[in-house]
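Values in this text are rule-based calculations from the coordinates and carry no lab data. Computed from a predicted model, the values in this text were never measured in an experiment. As a convention, Cβ positions derive from the backbone with ideal geometry for all residues, glycine included, and neighbour counts pool all protein chains shown.
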Amino acid sequence: GNSVTQMEGPVTLSEEAFLTINCTYTATGYPSLFWYVQYPGEGLQLLLKATKADDKGSNKGFEATYRKETTSFHLEKGSVQVSDSAVYFCAPGGSQGNLIFGKGTKLSVKP
Amino acid sequence: NAGVTQTPKFRVLKTGQSMTLLCAQDMNHEYMYWYRQDPGMGLRLIHYSVGEGTTAKGEVPDGYNVSRLKKQNFLLGLESAAPSQTSVYFCASSSPRLAGQFEQYFGPGTRLTVT
């Protein structure tokens, strides 16, 4: 079945630093790919998505590109803010209509 | 729209007790899911449903039962709670009719502690 490997955290950055969180997946076919974010004490929210190869998903300054050749979907942001502190989950679509979640990467941004 | 709601938000059970977690969605979604979230484990699928009256097992179904009697509701039951079921439980819904059929909408979670 589909699986995902996500960069382990925690990641601590200073405000305005560049962020990369690596995500690679194994899958049958070409599933849709998602990044979800979980702020403290809350449920998961969709951050961005890409549905086919070479698509770039973007939202709130975050970007990720669907790389079929390297089966990757790395999350990037050029300048993080304290408000970006959260846990980030990479998730390819599964065979049962569900999502396969990575273990999550906790990001802490210091002022 | 309220989106996906979960009841209760918190619960403490003693080993062997039973309880039901309720998930409700008002988006007319066909698919609904129950996940559990444990530290360092991400989210793992417990059970899911692709429509009213149908349910299926996910990755970690043991010790749980579910029912989908109405399209908008998905119930998760613990018949005899165990400390290993201490977790945060999330419900989600999605619709295959939409372009992003795997895109799921999550509830706020239920924090369950079994002592």
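A quick yes/no check of all residues on (1) in contact with a strand residue (DSSP E or B) (Cβ under 9 Å, 6 or more places away or on another chain); (2) of a type in the set (Ser, Thr, Tyr):
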| site | (1), (2) |
| --- | --- |
| B:31 | yes, yes |
| B:36 | yes, no |
| B:60 | yes, no |
| B:80 | no, yes |
| B:111 | yes, no |
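Mind checking which residues of region A:51-89 are of a type in the set (A, V, I, L, M, F, W, C) and either outside any strand (DSSP E or B) or more than 19 Å from residue A:6 (Cα to Cα) (or both)?
Kept after step one, since they are of a type in the set (A, V, I, L, M, F, W, C), are these residues of region A:51-89: A:53, A:62, A:64, A:73, A:75, A:80, A:82, A:86-87, A:89.
Within region A:51-89, A:53, A:73, A:80, A:82 meet the criteria.
Give region B:1-31 a look and list any residue that's part of a strand (DSSP E or B), touching a Ser or Thr at 6+ places or on another chain (Cβ under 9 Å) and among the aliphatic types (A, V, I, L, M), or say none.
The answer is B:4, B:12, B:13, B:21, B:22, B:24.
Given the options A:76, A:42, name the one that is of a type in the set (Asp, Glu) and closer than 18 Å to residue B:42 by Cβ.
A:42
Looking only at region A:75-107, which residues are under 15 Å from the mean Cα position of the chain (by Cα) and either polar (S, T, N, Q) or surrounded by fewer than 18 Cβ atoms within 10 Å (Cβ to Cβ) (or both)?
Those that are under 15 Å from the mean Cα position of the chain (by Cα) and either polar (S, T, N, Q) or surrounded by fewer than 18 Cβ atoms within 10 Å (Cβ to Cβ) (or both): A:76, A:78, A:85, A:105, A:106.
If you take the residues in region A:5-19 that are more than 12 Å from every other protein chain (Cβ to nearest Cβ) and assigned to a strand (DSSP E or B), which one is surrounded by the most Cβ atoms within 10 Å (Cβ to Cβ)?
Checked region A:5-19; the qualifying residue surrounded by the most Cβ atoms within 10 Å (Cβ to Cβ) is A:19.
Anything in region A:20-52 that is of a type in the set (S, T, N, Q) and either buried (at least 20 other Cβ atoms within 10 Å of the Cβ) or in contact with a Ser or Thr (Cβ under 6 Å, 6 or more places away or on another chain) (or both)? List them, or say none.
Scanning region A:20-52 gives A:24, A:26, A:32, A:38, A:51.
I'm told residue B:77 meets every condition in (1) away from chain A (no Cβ under 14 Å); (2) not in a strand (DSSP E or B) except one. Can you identify the failing condition by its number?
(2) is the only condition that residue B:77 fails.
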